[in-house]
Amino acid sequence: MKKGPMEKDIKILIVDDDDNMRENLQDILSEEGYKITGAESVETARRQLREEFYNLVLLDIRFPDGSGLELLKVNKSRNADLMIIVCTGFASVESAVDAMNRGAFAYLQKPLNMAEVKITIKKALKMQSVAWENKNLLKKLKELSFKDPLTNLYNYRYLRERLAWEFKRAQRYILPLSVLMVDIDYFKSINDVYGHQYGDVILKELSGYLLSYARANDIVVRYGGEEFLVLLPDTGKSGALQFGKRLLESVQEHVFDLKGKRIKLKISMGIAGFPEDGFDTESGLLDASDQALRNAKETGGNRLSLFQGISQEDMEKIVAKGGKENVVVLKGKLAKMKNRLNGNLLESIYAFARTINAKDSYFEEQTENIVNIVIGIGKEFKLSKPEIENLRHAAILHDLGKIGISDDVLSKKTKLDELEYEEIKKHPRIGAEIIKSIQFLHEVIFTILYHHERYDGLGYSSGLRGEEIPLGARIVAVADVYNALITNRPYRKAFSQEEAKQIIKDGSGTQFDPQVVESFLKVIKKLQKAV
């Protein structure tokens, strides 16, 4: 991306078949400090624009070898930042409109007023400079959105995009790909003894250590909390094992906070690899590395564990059969294992969520309604089946964090006071924290975390606004509020469905995403007809 140049670096191309006009413009504009090049035909201009970057073009319309407007159209499609000022003696309303529609910045009529030309050029360059500044800012913001603010490592959002790309590359070119997941053992004790601020210091130091230890093409990610992940492209499981062993030994010997408390860390690691572990999706590979990490933790920690999806006995039986049958049986084993793992875990987390019923009866009564609404809105948005499934999970689990809210607050019969409201506002973060270690629910985390954000930026937990809020969170927000409105609460009676719909309409553009509201109203209409 180009930066806004200094005036002396600005390049202008004058395209005009009138030699005197080109020379006059060149003399006058050169005195302004611009670098000027001339072209007497459309073909010459086309070649020059291909070979060199220009900030601005002064362009006539009619040439013996073609139309300046066609040149304008082609080059705006190649370089949207190119500023073009049309200068012609064949002026008409139609040609002016045509030029502007094709992307011209301005339209000047010959004979030219040189003062007007200079002012128009400065305005065009100013607009170009502002556009570049905005693009650079957006680029920086995007980079920041991929970085963890504490450690400056890549974050989970970046990992999902990069892992998907690396996995496709590995599949296409039959290359190995490994994932190494790292967790600090007993990190809670560091926070308890020295405080969370000191814990952050250790996290930053370990992040820098991992980054310095990694190879040039490895990607180091802060996965969440005290968990890190190293993505190892072009590395088989045996290579990842050697890397992990060396890293484990190195961390065991390293003294952290050398000038202060001088502590040593113990870490657990889990490794999974493609194609060795048989997964055909990047999510499966992540799940496998997480399982391996859990195994390392459960067997005492401070060790490295490889993913073992099938027992040694099973492997011997499968290998003994040989041939195609061997492949079929192996794939079947892997599929059953993955489905069983996810299914059991999902049942457990749903059961955990249902315990909220003991504190807040609203959850149990309205969950089904919210699920139906969010799925309907997802279909209106033409979301994919996996995206709709994630919406279903989010609808069931969005208030999971209320498990962490005291009974006195959840069961209060009157309106919450300020302190109580501040406590209830913590539940999205608590819910996200509970499910962050469940890999196949990672796409749901941000929906849960941000479902109380407002479209105008006045919500919580992070004050996001507009499309900064994930679509899933915007959808769940509307369904959640609607169901809260039509339900009796300890401190008020339920609104009618028509009253609730009107409240949602009134919040369109402020509390809620207008497009989501529009889809919501269609879904409610369908659901009411179905009753």
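Remarks
- All positions within the range 170-196 that are surrounded by 11 or more Cβ atoms within 10 Å (Cβ to Cβ), charged (D, E, K, R) and over 26 Å from S305 (Cα atoms): D192
- Residue count for the range 406-449, restricted to those that are in a loop (DSSP other than H, G, I, E, B) and out of contact with any Pro (no Cβ under 6 Å at 6 or more places or on another chain): 12
- For the range 11-48, residues that are surrounded by fewer than 17 Cβ atoms within 10 Å (Cβ to Cβ), within 47 Å of the chain's Cα centre (by Cα) and touching a residue at least 60 places away in the same chain (Cβ under 8 Å) total 1.
- The residue list G224, G199 contains one member that is at pLDDT below 90, in contact with a helix residue (DSSP H, G or I) (Cβ under 7 Å, 6 or more places away or on another chain), assigned by TED's automatic domain parsing to the domain that holds L304 and buried (at least 17 other Cβ atoms within 10 Å of the Cβ), which is G224.
- Looking only at the range 153-183, and only at residues there that are in a strand (DSSP E or B) and more than 17 Å from D277 (Cβ to Cβ), the one that is nearest to the chain's Cα centre (by Cα): Y154
- Filter result for R162 (surrounded by fewer than 14 Cβ atoms within 10 Å (Cβ to Cβ), farther than 30 Å from I263 by Cα, in contact (Cβ under 8 Å) with a residue 24 or more places away in the chain and assigned by TED's automatic domain parsing to the domain that holds K297): no
- T299 falls short on exactly one of the conditions (1) modelled with pLDDT of 90 or more; (2) exposed (fewer than 14 other Cβ atoms within 10 Å of the Cβ); (3) in contact with a Ser or Thr (Cβ under 8 Å, 6 or more places away or on another chain), and that condition is (1).
- Checked against the criterion of being within 20 Å of R157 (Cβ to Cβ), in contact with a Gly (Cβ under 9 Å, 6 or more places away or on another chain) and modelled with pLDDT under 90, the candidates I434, I430 yield just one match: I434.
- Restricting the range 452-471 to residues that are at pLDDT 90 or above and under 16 Å from the mean Cα position of the chain (by Cα), the residue that is surrounded by the most Cβ atoms within 10 Å (Cβ to Cβ) is I469.
- Candidate set: the range 65-93, residues that are at pLDDT below 85 and part of a loop (DSSP other than H, G, I, E, B); chosen: the one nearest to I10 (Cα to Cα): D81
The values are calculated or read from the model by the stated rules, or taken from the named source; none is laboratory data. This is a predicted model, so every value here is computed, not measured. Glycine gets a Cβ as well: all are built from the backbone with ideal geometry, and neighbour counts include every protein chain shown.
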